[in-house]
Amino acid sequence: MTTKSYAKVNIFLKIIGIRENYHEIFSRFMLVKNLYDTISFEKKDEINDEFVLLGDFGCKKEQNTIYKAFLALKDEKVKKFFKEYKVIVKKNIPKFAGLGGGSSNAAAFLNLTNEVLDLKLSKDNLAKIGSKIGADVSFFIYNYTSANVSGIGEVVEIFDEKALEIETFTPKIECDTKEVYQKYRSNFLNTIDTEFAKKLSTLKSCDILKNYNGSELNDLFEPSVSLYPKLATCREKDWFFSGSGSTFFKVKNG
């Protein structure tokens, strides 16, 4: 019982408003099919009540998105199953990198558990559960190759296009998403351009990357650089910034 947990990049990421403590976004997410973690359910040596989660994570189990997803399911069948099975994650997606690794893991866990235990939860129901765990989980639940994502990440609309061959580069800089958004709110709110975000949402990803530069496409690039100045030295021509960083990406052979 194994599944792939793909990374994503933000082809563009525009902030279009504020909702209480959250930032409303308009973004194009695209799966990176050549970069993924694997999640497996394997039998424990002995049956017990502990939820066993093994992997190279950057946090305690209680903070892990997979553990939060397990708790969010609130199903006796699920509890019984994981008394007998452990969760093993092989990590390949860099942490704190703007690639959605934690959200992807939670979604992959929810989808695999739903399939293995025949919980009969629809994608919409799973996405609703996932949205309480992390802003990007809903996108990964649907497993669309490409989608326009809005609200605080809970509105996911498929965008019909072929997957691009994406190459990623992640410098050894761990960006704190919360701090990046706070910096944006403090210093960059006057740059909001809703009409530009809507225009981008109608264009194919390949055309967006051909016609605009990274600073135009990702509203979090400047606040990230102001917090982590070394990012500026890592940036190369024709590479784009994903999420709140620190990953840069480009189209292979592009």
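The values are calculated or read from the model by the stated rules, or taken from the named source; none is laboratory data. Remember, predicted model here, so these are calculated numbers, not experimental data. Please note: Cβ atoms are built from the backbone with ideal geometry, for glycine as well, and neighbour counts cover all protein chains shown.
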If you scan the range 201-225, which residues turn out to be of a type in the set (S, T, N, Q), within 20 Å of residue 95 (Cα to Cα) and free of Cβ contacts under 8 Å to residues at least 60 places away in the same chain?
224
Specify the residue that is nearest to residue 150 (Cα to Cα); the eligible residues are those in the range 202-251 that are of a type in the set (Lys, Arg) and not in a helix (DSSP H, G or I).
204
Selected residue (criterion: nearest to residue 204 (Cα to Cα)) from residues of the range 144-154 that are assigned to a loop (DSSP other than H, G, I, E, B) and in contact with a Leu (Cβ under 8 Å, 6 or more places away or on another chain)
145
For residue 157, work out the one condition from (1) closer than 27 Å to residue 130 by Cβ; (2) at pLDDT 95 or above; (3) among the charged types (D, E, K, R); (4) assigned to a helix (DSSP H, G or I) it doesn't fulfil.
(4)
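Using the structure shown, decide if residue 60 is within 21 Å of residue 79 (Cβ to Cβ) and either touching a strand residue (DSSP E or B) at 6+ places or on another chain (Cβ under 6 Å) or without any contact (Cβ under 8 Å) to a residue 12 or more places away in the chain (or both).
Against the criterion (within 21 Å of residue 79 (Cβ to Cβ) and either touching a strand residue (DSSP E or B) at 6+ places or on another chain (Cβ under 6 Å) or without any contact (Cβ under 8 Å) to a residue 12 or more places away in the chain (or both)), residue 60 qualifies.
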Consider residue 205 carefully, then state whether it is outside the structural domain of residue 147 (by TED's automatic domain parsing), hydroxyl-bearing (Ser, Thr, Tyr) and modelled with pLDDT under 95.
no
Which of (1) touching an Asp or Glu at 6+ places or on another chain (Cβ under 9 Å); (2) more than 19 Å from residue 4 (Cβ to Cβ) is the odd one out, the single condition residue 138 does not satisfy?
(2)
Note: among 44, 4, 86, 80, just one is modelled with pLDDT of 95 or more, in contact with a Leu (Cβ under 8 Å, 6 or more places away or on another chain) and among the charged types (D, E, K, R), namely 86
Single residue of the range 210-230 satisfying the filter (among the aliphatic types (A, V, I, L, M) and more than 20 Å from the chain's Cα centre (by Cα)) that is farthest from residue 159 (Cα to Cα)
227
Test result for residue 198, within 26 Å of residue 95 (Cα to Cα), of a type in the set (Lys, Arg) and not assigned by TED's automatic domain parsing to the domain that holds residue 147
no
